[in-house]
Amino acid sequence: MAGSWWMCCRRFSSGFTASGLFDTLRCFRGSSGYSSASSTGRTSWNSVPRKERRSLFPARIHSKALNLRPSVIRHRCRSLHPTLQSCSCRATHSDAKLRDPFTLAQKDLTSLYDDIKKELFVAKTELKYLCDYYFDGRGKAIRPIIVVLMARAMNIHSNRAGDLLPGQRTIAMISEMIHTASLVHDDVIDRSDERRGKRSINDVWGEKKAILAGDFILSAATMALARIGNSTVVKVLSHVIEDLVRGEFMQLGSKENEDERFKHYLEKTYKKTASLMAHSCKAVSILVNSDPEVHEIAYQYGKNVGIAFQLVDDVLDFTSGAEQLGKPAAVDLKLGLATGPVLFACQQFPELHALIMRRFSSKGDVDRAWQYVLQSDGVQQTTYLARRYCEEAIRQISRLQPSPERDALIRLTEIVLSRDK
C-alpha cells in the first residue's frame with residue numbers, strides 16, 4: 001500500500017494535469033480509505049476581528065448530513081495517509097507563525113469598493129446603480145486579497161519595499177471587477193434570482209439591462225488595465241476574458257467517457273474560476289520582477305488555489321443551506337451540471353451516468369442524484385482533491401523569500417478549505 005501511495009503522489013506532483021489527476025484519484029480509490037472533511041485542519045479565527053469574518057467562516061462538513069458514522073470517518077482519515085496533515089510542503093512552515101490574510105490586506109483594500117465605484121462613474125443614474133449593486137462590501141473579496149498579498153510577497157522577494165505599486169493595486173481592483181461582471185452574466189445565463197443574499201440584477205432590472213451592466217463593468221476594467229501602461233500585463237489579463245467565455249461554453253456541454261468527463265470538469269473549473277486568480281497573480285509579479293520562473297510561481301499559486309476554491313464551492317452546494325450560501329442550494333444539479341461530488345459518486349453508483357448525460361432533466365433526477373452523492377464518498381473525495389491542490393499552492397509559494405505576506409498566502413489555503421459560504 002505504501003508503494004501505491006508513493007506512486008500516486010509522484011503521479012500527482014509530476015504531471016499535475018487534469019487527466020493525470022483522474023488517474024491518481026482512481027489509484028487512491030483502490031486504497032482502503034478516503035480523506036474526510038472532518039479531518040481538515042482548521043484555522044484559528046479568534047484573532048480575526050468580527051467584522052472581517054463576515055464573508056468567510058470556518059466550517060466542517062457534517063457527518064450526519066452524509067449518513068457517515070464518525071468512527072468510519074476517523075478510520076478513513078487515518079488509513080489515507082498518516083502524515084497528510086504535515087506533508088512535506090507544509091513542514092517548512094511548522095515553526096512559522098502564519099499571518100492573518102485579512103489583517104495584512106485590510107490597509108490596501110479599505111477603499112477598494114469606493115475606488116471601483118469611481119471607475120464605474122456614469123451620468124445615467126440607473127446604469128450607475130446597476131453597476132454599483134454588487135460592490136457593496138458583501139462579497140468575499142478573496143481575489144483582491146490574494147492579489148494584494150501576492151504583490152507584497154513578490155515585492156519583498158524582489159528586494160523591494162513591501163508597499164504596493166499603484167499598478168498592482170489597480171490589478172487587485174480589476175480582478176474584483178472582472179469577477180463581478182462574470183457573476184452578472186452568469187446569473188442571466190442561469191436565470192438565477194438571488195446573489196449574495198439579495199435579489200440578482202437580472203431579477204430586479206431584467207436580463208437586457210443586466211447584460212449591459214456586466215458589459216459596462218468589463219469595459220471599465222479594461223480601461224483601468226490600459227492605464228497601467230504595461231503591454232505584457234495587458235496580454236496576460238486578456239487571457240482571463242477569453243477563458244471565462246470558453247469556460248461558459250464548456251459548461252454547456254458534457255462528455256460520454258468518464259475520464260474525459262472529469263478532465264472536462266477540471267478544465268472548465270480552471271477557465272471559469274482559477275484563470276482569473278492565476279493571471280492576476282502573474283500580472284502583479286510581472287510589474288516587479290523580470291524572472292519568468294518567479295512569474296510561474298505566482299501563476300501556479302493562483303491556479304491551484306483557484307481550482308481548490310471552486311472544488312470547495314461545489315462541495316458546499318451539497319453541504320450548506322441556502323441561508324449560508326446566499327443563493328439556493330443544489331443549484332448546480334438544477335442547472336444540469338455534474339460537479340466533482342457527482343462525478344466521484346458516479347464511480348460508486350453507475351446509475352448516475354444516465355442522469356448526467358440527460359443533465360438531470362427528467363422528473364426526480366435532481367433528488368435521485370442528491371441521494372446518490374450523499375450515500376457516496378463524492379463529497380469527501382472532492383474535498384480531498386481540493387486539499388491536494390492547496391498543498392501544491394503551498395509548495396509553489398514556499399519558493400519565495402519568507403515574509404508575512406507569503407505566510408498569509410499559506411494560511412489562506414486553510415481558509416479556502418474551511419469556508420462554509
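The values are calculated or read from the model by the stated rules, or taken from the named source; none is laboratory data. None of the values given here were measured: they were computed from a predicted structure. No Cβ is skipped: glycine too gets one built from the backbone with ideal geometry, and neighbour counts run over all protein chains shown. For the accessible areas, the whole protein counts, side chains as well, though only heavy atoms, and no ligand, DNA or RNA atoms are used. Shrake-Rupley method; radii C 1.70, N 1.55, O 1.52, S 1.80 Å.
Among the numbered conditions (1) in a loop (DSSP other than H, G, I, E, B); (2) of a type outside the set (Ser, Thr, Tyr); (3) farther than 24 Å from His157 by Cα, the only one that Val373 does not meet is (1).
Cβ-Cβ contacts under 9 Å between residues 6 or more apart (or on different chains), taken from a first residue in segment 161-172 that is of a type outside the set (A, V, I, L, M, F, W, C) to a second residue that is open to solvent by 30 Å² or more (accessible area, probe 1.4 Å) and assigned to a loop (DSSP other than H, G, I, E, B), are listed as Gly167/Gly229; Gly167/Asn230; Gly167/Leu287; Gln168/Leu287.
Of all residues in segment 284-299, those that are open to solvent by 30 Å² or more (accessible area, probe 1.4 Å) and closer than 19 Å to Tyr389 by Cα total 2.
Can you pull out the residues in segment 93-139 that are under 29 Å from Leu400 (Cα atoms), part of a loop (DSSP other than H, G, I, E, B) and modelled with pLDDT of 85 or more? Once the filter is applied, which keeps residues that are under 29 Å from Leu400 (Cα atoms), part of a loop (DSSP other than H, G, I, E, B) and modelled with pLDDT of 85 or more, segment 93-139 yields Asp100, Thr110, Ser111.
The lone criterion from (1) of a type outside the set (Ser, Thr, Tyr); (2) open to solvent by 10 Å² or more (accessible area, probe 1.4 Å); (3) part of a helix (DSSP H, G or I) left unmet by Cys281 is number (2).
Give me the residue from segment 266-278 that is of a type outside the set (S, T, N, Q), open to solvent by less than 20 Å² (accessible area, probe 1.4 Å) and within 11 Å of Gln310 (Cα to Cα) and, out of that set, nearest to the chain's Cα centre (by Cα).
It comes out as Ala274.
So, His279, is that one farther than 27 Å from Met154 by Cβ and not aromatic (Phe, Trp, Tyr) or not? So His279 fails the test.
Looking only at residues of segment 222-241 that are part of a helix (DSSP H, G or I) and of a type in the set (S, T, N, Q), we find that the one that is most open to solvent (accessible area, probe 1.4 Å) is Ser231. Taken over segment 172-197, the criterion of being β-branched (Val, Ile, Thr) and under 18 Å from the mean Cα position of the chain (by Cα) is satisfied by Ile174, Ile178, Thr180, Val184. Taken over segment 247-294, residues that are of a type in the set (Asp, Glu) and modelled with pLDDT of 90 or more amount to 4.
Contact map, segment 329-347: first residue farther than 20 Å from Tyr384 by Cα and open to solvent by less than 10 Å² (accessible area, probe 1.4 Å), second residue of a type outside the set (Asp, Glu) and part of a loop (DSSP other than H, G, I, E, B), Cβ cut-off under 7 Å, separation 6 or more or different chains; pairs are Leu333/Phe360; Gly336/Arg359; Gly336/Phe360; Gly336/Ser361.
The sole residue among Ser200, Ser219 that is within 19 Å of Glu126 (Cβ to Cβ), open to solvent by 20 Å² or more (accessible area, probe 1.4 Å) and more than 20 Å from the chain's Cα centre (by Cα) is Ser219. Out of curiosity, is Val148 in contact with a helix residue (DSSP H, G or I) (Cβ under 8 Å, 6 or more places away or on another chain) and either over 30 Å from Arg406 (Cβ atoms) or of a type in the set (Ser, Thr, Tyr) (or both)? No, not satisfied. The residue that is least open to solvent (accessible area, probe 1.4 Å), among those in segment 110-126 that are closer than 13 Å to Ala220 by Cα and not β-branched (Val, Ile, Thr), is Leu120. Restricting to segment 140-165, give me the number of residues that are surrounded by 21 or more Cβ atoms within 10 Å (Cβ to Cβ) and modelled with pLDDT of 95 or more. Residues meeting the conditions: 14.
For segment 127-139, filtering for residues that are farther than 21 Å from Asp420 by Cα and open to solvent by 40 Å² or more (accessible area, probe 1.4 Å) leaves 3.
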